[in-house]
Each structure stands twice: as C-alpha cells, then as structure tokens.
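Engineer: I am attaching a structure below and will ask some questions about it afterwards.
Coordinate-derived values only; no laboratory data. Quantities reported herein were computed from a predicted structural model and do not represent experimental measurements. Cβ: placed from backbone, ideal geometry, glycine included. Neighbour counts: every protein chain shown.
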Amino acid sequence: MFYQVAKFICYLFLKFICRWEVKGREKFPLKGPVIVVANHVSYLDPVVVGVACPRRVHFMAKEELFHVPFLGWIIKKLHAFPVRREKSDRLALKTALEILRRGEVLGIFPEGTRSKTGELGPLQPGAASLALKIGATILPVAVKNTNRWLKGRIEVIFGDPLQVGPANPVTPQQVEDLTRLIHNCLKNLLNL
C-alpha cells in the first residue's frame, strides 16, 4: 500500500511540476523476471524510473543511503535494498537473484554512480551477469533531464527488451558481450 501511495504522489509531482514525458512504456514486459537498466544523472532517477514502470521495481541502492535518517526507512518501504559498491556484495547479489527468481522486476543503474557530466559512463557487469544466470529480460531505459528538472522536460524512454536465455555456466565473454550490448542500447536511446 505504501508503494502505491508514494508512486501516485510522485506521479503527480512529475506530471505537473516536472512536465514529465514517458515514451515506449508499452514495451515493458508484464510478466516474468525483468532487469531495468537505466543511465544515472540525478538522485531523482529512481523515482522517475519507478513511477514510469507499470510493475513494482526493487531498486539496488548504495548502502550509504540506508543510513540516512528517514530516507533509509522510506527506501526500504519502497522495496529498495542495499549494495556495497566498493567490493563484491554477496548479500546484494543473493537478494537480486531472489527477486528475479520470483519473476519480479529489479532496477539497476549499471554505471554504479551518477554521471556528473550527463554522459553515459562505463557499465558495471552486474546486470548482464544476473540476466545470464536467471534468463531475465533486460529492459534498457534512458532518463533525460533529471539533473535539470527545473529548466526542462524530464523524459523516460523505454527501449526494446533484450531477451536473455540462461547460460550455464556463465562465461566472462558472455557477460562482457551483453554489457557492451546494454551500453550500446542506452547510448542509442540517449542519442549519444
């Protein structure tokens, strides 16, 4: 219930204050495990992507946010879970795999941090690795203008889903190739 109420309030803010526009929402898979991968330029990005998605999204968020009073409580209620970015975080990976095995939606910003320039940075291999382990669909999502939402229209653009079959075992080359494909999809959506 908290998730739906928060999503509605954020929708009103985005629609009437930020002049929010969503393109390609019909591409979102309505069933099965999905990994939403988006570029990251602002703290507003998880809100913008989460509201645009027709299904509940479980975002992987940097651990430090969970230690901020009140914010930590809110993001837990919104089904986010912490990840330690400085090293491999087995608990975060286990949580992500459980979400996907239940056929739910996982949200990842694969750059690992916000881009200060607005340019798409190199991607971490985690989304590709998870998709290959589970056979989850990857959905690239471009987010535009969240870093200057007072000056322009925020856009969310859904790309074409990438159907990924499970690989056993997952090879480093498969992960690298899929990460490169995700990067190219995001670049195309961002018109870079």
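Engineer: So what is the relative contact order of the chain, in percent, for Cα pairs below 8 Å that sit 6 or more residues apart?
Structural biologist: 30
Engineer: While we're on this one: Name the residue from Cys10, His183, Leu91 whose Cα lies farthest towards the positive end of the charge dipole of the chain, charges +1 on Cβ of Lys and Arg and -1 on Cβ of Asp and Glu.
Structural biologist: The listed residue farthest towards the positive side: Cys10.
Engineer: Can you flag which of Lys27/Lys62; Lys87/Lys187; Lys15/Lys94; Lys27/Lys151; Lys15/Lys133; Lys15/Lys77 are past 32 Å Cα-Cα?
Structural biologist: Correct reply: Lys15/Lys94; Lys15/Lys133.
Engineer: Region 60-87 to region 141-184: how many Å between their Cα centroids?
Structural biologist: Taking the Cα centre of region 141-184 as reference, the centre of region 60-87 is 22 Å away.
Engineer: The chain: D in µm²/s via Stokes-Einstein (Kirkwood Rh, Cα pairs, 37 °C, 0.692 mPa s)?
Structural biologist: 196
Engineer: A follow-up question, please. Which ³J(HN,Hα) values, rounded to whole Hz and listed in residue order, are derived for region 166-176 from phi using the Karplus coefficients 6.51, -1.76 and 1.60 in 6.51 cos²θ - 1.76 cosθ + 1.60 with θ = phi - 60°, glycine and proline given as x?
Structural biologist: 3J(HN,Hα) across region 166-176, in whole Hz: x, 10, 9, x, 7, 9, x, 5, 4, 5, 4.
Engineer: OK, next. Can you tell me the orientation of helix 90-101 relative to the chain, as the angle in degrees between its alpha-carbon axis and the longest Cα principal axis, to the nearest 10?
Structural biologist: 90
Engineer: Count charges around Ser42 for me, please; just the other residues with Cβ under 12 Å from its Cβ, Lys/Arg as +1, Asp/Glu as -1.
Structural biologist: Net of charged neighbours comes to +3.
Engineer: Using only Cα atoms, tell me the angle between helix 2-16 and the longest principal axis of the chain; keep it within 0 to 90° and round to the nearest 10.
Structural biologist: 60
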